[in-house]
Amino acid sequence: MPLRLEIVTAERVVFSDDVDLVSAPAAEGRIGILPRHEAMLTILLPGEFHYTKDGVSYPFAISGGFMEVLPDRVTVLADTAERGDEIDEARAEEARQRAAARMRDRQSARELMLAEAELRRATVRLQVARLRKGRPNR
Ligand code: ATP
């Protein structure tokens, strides 16, 4: 049975294809999903999201969202999601430095929270961009 993976944001369909395996940063910990998985709905945290096809693993950076799992389908509704090969590493590095400076200069707990979230997004993007180097693109 094929497993259909759809990754969608408010802006665009980031990915839609049949895959062999999904690995997702769920709130309860990293979970792996094969075809015929039991139905579930879970929150995704900012982190690396992977699918595997024909023995090759492809990474995405996800900034958080929801994931619906059905036996033949995984649907991800993400705040933002980028394929590893579309991440602009220099932009993520700038965002990381900006977030770190904001954390140092913060005026309020809310500003700290926002800066921490920005730092997490940038760090995940950098991790995924570096992981992605030298891999085939889709
Ligand atoms: P920045 O300050 O660089 O915009 P950000 O974390 O504030 O970073 P987001 O609000 O999370 O950016 O994302 C805005 C849009 O830009 C989304 O469509 C996201 O996919 C895209 N995006 C953000 N950073 C990158 C990046 N480094 N490479 C490619 N696309 C990115």
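Measure nothing but the geometry: give the 0 to 90° angle between the long axis through the Cα atoms of 89-105 and the longest principal axis through the Cα atoms of the chain, rounded to 10°.
With both axes taken from Cα atoms, the answer is about 50 degrees.
Would you mind telling me the share, in percent, of accessible area of region 3-84 contributed by carbon and sulfur at probe 1.4 angstrom?
Of all accessible area on region 3-84, carbon and sulfur atoms account for 54 percent.
What is the percent carbon and sulfur in the accessible area of region 87-132, measuring with a 1.4 Å probe over the protein chains and ignoring ligands?
The C+S portion of the solvent-accessible surface of region 87-132 is 48 percent.
Quick one: accessible area per residue over the chain, 1.4 Å probe, rounded to a whole number of Å²?
56
Give me the extension gain from Arg30 to Arg4: residue separation times 0.36 nm, minus the current Cα-Cα distance, reported in nm with one decimal.
7.4 nm
Report P(r) for region 3-84: all Cα-Cα distances, bin width 5 Å, range 0 to the bin holding the largest distance, values in whole percent.
3, 17, 31, 29, 16, 3, 0
Roll a 1.4 Å probe over the protein heavy atoms and report the accessible area of Thr42 in Å², nearest 10.
10
In a Gaussian network model over the chain where Cα atoms closer than 10 Å are linked, find which of Arg102, Arg12, Arg73 has the largest mean-square fluctuation.
Arg12
Can you give the charge dipole size of region 3-84 about its Cα centre, rounded to the nearest 20 debye, using +1 on the beta carbon of Lys and Arg and -1 on the beta carbon of Asp and Glu?
Result for region 3-84 is approximately 40 debye, rounded to the nearest 20.
What angle, in degrees between 0 and 90 and rounded to the nearest 10, separates the Cα long axis of helix 109-132 from the longest principal axis of the Cα atoms of the chain?
50
Tell me, what is the percent relative contact order of the chain, built from C-alpha pairs under 8 Å that lie six or more residues apart?
Taking the mean separation of contacting Cα pairs over the length of the chain, I get 22 percent.
With unit charges on the beta carbons (Lys and Arg positive, Asp and Glu negative) and the dipole taken about the Cα centre of the chain, which residue among Ala92, Phe60, Val14 sits farthest to the positive side?
Value computed over the given set: Ala92.
Using a/c under 1.5 as the rounded threshold, could you call region 87-132 rounded, prolate or oblate? The axes a ≥ b ≥ c are square roots of the C-alpha gyration tensor eigenvalues, and prolate needs a/b larger than b/c, oblate otherwise.
Prolate, since a/c reaches 1.5 and a/b exceeds b/c.
Is there a quick way to get the dipole size of the chain? I mean about its Cα centre, with the Cβ of Lys and Arg at +1 and of Asp and Glu at -1; what is the value in debye to the nearest 20?
440
Would you please classify the overall shape of region 59-108 from the alpha carbon gyration tensor, given that a ≥ b ≥ c denote the square roots of the eigenvalues, rounded means a/c under 1.5, and beyond that prolate means a/b larger than b/c while oblate covers the rest?
Because a/c hits 1.5 or more and a/b fails to exceed b/c, region 59-108 counts as oblate.
Run the numbers for Ala39 and Arg73: contour at 0.36 nm per residue of separation, minus the present Cα-Cα distance, in nm.
11.3 nm
Distance from the Cα centre of region 71-112 to that of region 35-66, in angstrom?
17
The values are calculated or read from the model by the stated rules, or taken from the named source; none is laboratory data. Nothing here was measured: the structure is a model prediction, and the numbers come from that model. Quick reminder, even Gly has a Cβ in these numbers, built from the backbone with ideal geometry, and neighbours come from all protein chains shown. Note: accessible area is taken over every heavy atom of the protein model, side chains too, but ligands, DNA and RNA are not part of it. Shrake-Rupley method; radii C 1.70, N 1.55, O 1.52, S 1.80 Å.
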